[in-house]
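The values are calculated or read from the model by the stated rules, or taken from the named source; none is laboratory data. These figures come from a predicted structure and were not determined experimentally. Neighbour counts are summed over all protein chains in view; Cβ atoms, including those assigned to glycine, are modelled from backbone coordinates with ideal geometry. Quick note on the areas: whole protein, heavy atoms, side chains included, nothing else; ligands and nucleic acids left out. Shrake-Rupley method; radii C 1.70, N 1.55, O 1.52, S 1.80 Å.
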Amino acid sequence: MIKYQLETHSYEETEALGQKLSKYLKVGDVILMNGDLGVGKTTLTRGLARGLDIKKNVKSPTFTLIREYQDGRIPLYHMDAYRLESSPDEDLGFDEYFNGDGITIVEWPQFIKDEVPEEHMSINITRLSDEDRQIEIKLHGQKYENRDFGDLV
């Protein structure tokens, strides 16, 4: 497993990091987003979407479970599994997304941990202060470990 650790010091820097990270992503990538409520998971996702040339406004999928953005150079599937805490056995077709034609981001992945592919990228965001965030990116599996993430850090 390869790990990168970064810090951002504003909402704009967190979004810019997502945009920078997007240039290293490929079809079929699965990103697990971890962090407390309001820490910046959707902000980072918004940056990823901008980097994929998605024009639609990226919103948290908390109440819809999955938001699909098809208007970029690669489709983006943004999931929020938080509401599945009480019904983890429900078959919602996650495999179709994980093995599909886009990039899948899952917030609160611990609630669907049995569905998550072994090879994935995990991003943990920790609040250091009102503005500052520590962002840890872990690459799990050959698919990611063999990829050059160049100037990410």
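Name the GluC sites (Glu not before Pro) in the range 118-153 that are in a loop by DSSP and that have at most 11 other C-beta atoms within 10 Å, would you? Walk me through the numbers on the way to the answer.
Details: sites: 118, 119, 131, 136, 145; in loops: 118, 119, 131.
The qualifying sites are 118.
Computed with a 1.4 Å probe on the full set of protein chains, the accessible area for residue 151 sits at about 80 Å². Loop sites by DSSP among the trypsin sites (Lys or Arg not before Pro) of the chain, restricted to those with at most 14 other Cβ atoms within 10 angstrom, leave 114-153 as the longest stretch without any of them.
Using Cα-Cα distances under 8 Å and only pairs 6 or more residues apart, what relative contact order does the chain have, in percent? Each step should come with its number before you reach the end.
Numbers: 314 pairs, mean separation 51.7, N = 153.
After rounding, I find 34 percent.
For the chain, the share of accessible area belonging to carbon and sulfur comes to 44 percent (1.4 Å probe, ligands and nucleic acids excluded).
Local charge sum around residue 77 (other residues, Cβ-Cβ under 15 Å, Lys/Arg +1, Asp/Glu -1)?
Details: positive: 26, 41, 46, 56, 59, 67, 73; negative: 29, 68, 71, 80, 95, 96, 101, 107, 115.
The answer is -2.
Would you mind checking the range 116-147 for residues with the amide N under 18 Å from a putative spin-label position 7 Å along Cα→C-beta of residue 6? 121-129, 131-140, 144-147, by backbone N distance to the label point. For the chain, a crude dipole built from +1 on the beta carbon of Lys and Arg and -1 on the beta carbon of Asp and Glu, taken about the Cα centre, is about 500 debye to the nearest 20. Within a straight-line Cα-Cα reach of under 23 Å, residue 20 can be paired with the following lysines, leaving aside sequence neighbours fewer than 8 residues apart in one chain: 3, 41, 55, 56, 59, 138, 143.
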